[in-house]
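What follows is a single structure, written as structure tokens, with notes after it.
The values are calculated or read from the model by the stated rules, or taken from the named source; none is laboratory data. Fair warning: this is a prediction, and the values are worked out from it, not measured in the lab. Don't worry about glycine lacking a Cβ; one is built from the backbone with ideal geometry, like all the others, and counts go over all protein chains shown.
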Amino acid sequence: MPSKVFVSYSSRDRLAALRIKEIAEADGHHVWLDQFDIRPGAALTGELRDNVIAADVLCLLLTPAAAASPWVLEEIRFALSAESGPVRILPVLLQATEIPDELADVVAVDAGRGLADDAVVLRVRRALGGDVPDGAILDATRRAELADRAAADAAEERWPQLRARLARVIDDPIRELQVTVDQDTWPDSERSVLEIVLDIDIFLGSLHLLLAPYVEGHTWRPGSGLDERPPDDFLGRTEPRVDGRLLWAGRTVVADRTLDATDLGETPLKLPFRLAGDEYTGDERRATMALLERFELPSLRHLVDSRSTVTVWRHPREAGEPERVDPDRSGLRLRLEVPLRVDDTGLYGFRLWSTHDRDDTVLLRSPTPAGCSTAVEREALLSLHRNTGLRAAQNALERRRRLTEAVARTAPVPEEDRWAAFTLAVRRADVPRSRGAHRQAAELVQDALDYLPSPIDPATLSYNRAFLVIGALMALVDDVMTFGGNREAVAYYGNWVTELARGLCAAQPGEPDFARVLSMLVMDRDESIAILDGLVAADPLPWRLAEARRARAEP
């Protein structure tokens, strides 16, 4: 029986819409197509709604352009909300695409081979007449498959452009590496050591990057040959304390300090390593047998041509076999990259290794990446197409905006946001303090303290949060003293931070930095010396002995 057919499509797919009109009218159907049937001067939205509702079939030509079209989505909603009963929706899948939620479990015609194919035309003719024996049900699995295919198809169109961009830097020597790790996937309690190994070639050997949670005097295993860094490098940090080393060709590079002081869960920890690029000495060449002119990594082209590989290992802190990290299945989120930079000719940089999410895995199976000669080349290409953050998508900007507004009004926040609000509130004092407005800075810190739980249980404070509070209280005492505030306020906040430090020492005796802070805060010189002597007795590290000697020498 002939039907009234409304063809819904993106203007980019007009030729396909005209072909559907031709096929339908050959079987006697009446076809409404906007190119021919929009009345001059008609209000477009009302005209579309009236004709969708009057139709028997909404023939929806599905492509990525159609799925992104607000007009197409509006026409689907008109069909579903018709008062006389929903209009039958017939999706015709011309290209793999993400399927709108409104089409969940609708039966579609697969027209991927094109509307010039006789079998496809026959399926469309039958479906327009109400017979869809071989239709594809757009259930969750099928919709996910189509979204994956669409993502891979879109990427395939971009790969040549991205290869050209990569060609700009493919012959440049590499003088900087950056490791990014989501600290939430690397719990402090586990204290495992991560090792990233870049096997370059038989002439240049292997580069090793070692990352370990800092444990004063005991970060690295005995016999590792790595020097232990003194606590001054980490004391009071509000970001995770991680020591990073690059070992290659007889030299050791220590990771530059990196900041992640937010309590908003926005920024994974980043550890940059800079290779000096200076000339390699003759003695170094003889000692290492490395064929290097300068202390720099060879170019990406060299890494690809040499079939260089990157592997990541997770070493338990104590005895035990290392575990190789699978980039596609690991709970750890980690990335090794030549950092992205911007210059006057554009953006460049690339990844060498990364853990992958599901979307990465889909793209890596598309023809161009799958045809790359090495995993390093695949990863570099992928990073230019999909440079997403390591962490799962979260509305961090919206959360920051909401909390910033609440802090500005000193408004209450949900329990789970109190530490983030405290962090933002404390930072508000930095600007007036830098201008010498210490009274205003003190008032802002006092407002920030209202976000802290009351009372604070020292046993529940992490190192990072403990030093957020200690730093805020010590700054507040300095501000009050600077602008000539009353002695009672100085004594009150001074006692508060001292008692907090005492509580932290008692609750977490294994963290020597809390003892150091307490020794600075107590007024009794003998007590201060006793605290530092206690650290020496617990573990006579060289810097602890020096601290104790300095304390005795001070008047």
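Worth pointing out:
- Residue within segment 192-199 that is over 30 Å from residue 278 (Cα atoms) and in the same structural domain as residue 269 (by TED's automatic domain parsing) present: yes
- Within the set 400, 439, 433, the sole residue that is touching a residue at least 40 places away in the same chain (Cβ under 8 Å), touching a Phe, Trp or Tyr at 6+ places or on another chain (Cβ under 7 Å) and over 30 Å from residue 301 (Cβ atoms) turns out to be 439.
This table checks each residue for (1) surrounded by 12 or more Cβ atoms within 10 Å (Cβ to Cβ); (2) more than 35 Å from the chain's Cα centre (by Cα).
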| residue | (1), (2) |
| --- | --- |
| 65 | yes, no |
| 79 | yes, yes |
| 85 | no, yes |
| 88 | yes, yes |
| 98 | yes, no |
| 105 | no, no |
| 130 | yes, yes |
| 149 | yes, no |
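- Qualifying residue in segment 260-272 (condition: in a loop (DSSP other than H, G, I, E, B), modelled with pLDDT of 90 or more and surrounded by 16 or more Cβ atoms within 10 Å (Cβ to Cβ)): no
- Residue in segment 201-211 that is under 26 Å from residue 364 (Cβ atoms), among the charged types (D, E, K, R) and at pLDDT 85 or above present: yes
- Checking 165, 251, 175, 241 one by one, the residue that is of a type in the set (Lys, Arg) and under 24 Å from residue 333 (Cβ atoms) is 241 and no other.
- Residue within segment 371-390 that is basic (Lys, Arg) and modelled with pLDDT of 90 or more present: yes
- Qualifying residues in segment 330-346 (those that are modelled with pLDDT under 85 and touching a strand residue (DSSP E or B) at 6+ places or on another chain (Cβ under 9 Å)) - the one nearest to residue 271 (Cα to Cα): 340
- Restricting the search to strands (runs of 3 or more DSSP E) fully inside segment 284-382 and requiring at least 2 residues that are at positive phi and in the same structural domain as residue 252 (by TED's automatic domain parsing) gives 346-354.
- Looking only at segment 13-40, residues that are at pLDDT below 85 and either within 19 Å of residue 123 (Cα to Cα) or part of a helix (DSSP H, G or I) (or both) come to 4 in all.
- Hey, residue 119 under 30 Å from residue 88 (Cβ atoms), surrounded by 16 or more Cβ atoms within 10 Å (Cβ to Cβ), over 23 Å from the mean Cα position of the chain (by Cα) and small (Gly, Ala, Ser) or not: no
Quick grid of which residues meet (1) of a type in the set (Lys, Arg); (2) over 36 Å from the mean Cα position of the chain (by Cα):
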site	(1), (2)
437	no, yes
443	no, no
481	no, yes
497	no, no
502	yes, yes
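- Candidates 540, 555: the one that is farther than 27 Å from residue 227 by Cα and part of a loop (DSSP other than H, G, I, E, B) is 555.
- Elements of type helices (runs of 4 or more DSSP H) in segment 408-491, at least 3 residues being within 20 Å of residue 505 (Cβ to Cβ): 463-482
- Leading residue by the ranking (modelled with the lowest pLDDT) among those in segment 450-461 that are touching a helix residue (DSSP H, G or I) at 6+ places or on another chain (Cβ under 9 Å) and surrounded by fewer than 19 Cβ atoms within 10 Å (Cβ to Cβ): 453
- The residues on offer are 207, 177, 198, and the sole one that is within 17 Å of residue 268 (Cβ to Cβ), aliphatic (A, V, I, L, M), assigned to a strand (DSSP E or B) and in contact (Cβ under 8 Å) with a residue 60 or more places away in the chain is 177.
- Complete set of residues in segment 520-555 that are farther than 19 Å from residue 497 by Cα, surrounded by fewer than 13 Cβ atoms within 10 Å (Cβ to Cβ) and among the charged types (D, E, K, R): 526, 539, 549, 550, 552, 554
- Matching entry among 285, 237, 245 (being at pLDDT 85 or above and surrounded by 15 or more Cβ atoms within 10 Å (Cβ to Cβ)): 245
- Any hit, segment 372-395, residues being exposed (fewer than 12 other Cβ atoms within 10 Å of the Cβ) and in contact (Cβ under 8 Å) with a residue 40 or more places away in the chain: yes
- Of the residues making up segment 446-477, those that are farther than 22 Å from residue 414 by Cβ and either among the aliphatic types (A, V, I, L, M) or touching a His at 6+ places or on another chain (Cβ under 8 Å) (or both) number 8.
- Whenever a residue of segment 536-555 is outside the structural domain of residue 229 (by TED's automatic domain parsing) and among the aromatic types (Phe, Trp, Tyr), its partners that are modelled with pLDDT under 90 and outside any loop (DSSP other than H, G, I, E, B), lying with C-beta atoms within less than 7 angstrom and at least six residues away or across chains, give the pairs 543/231.
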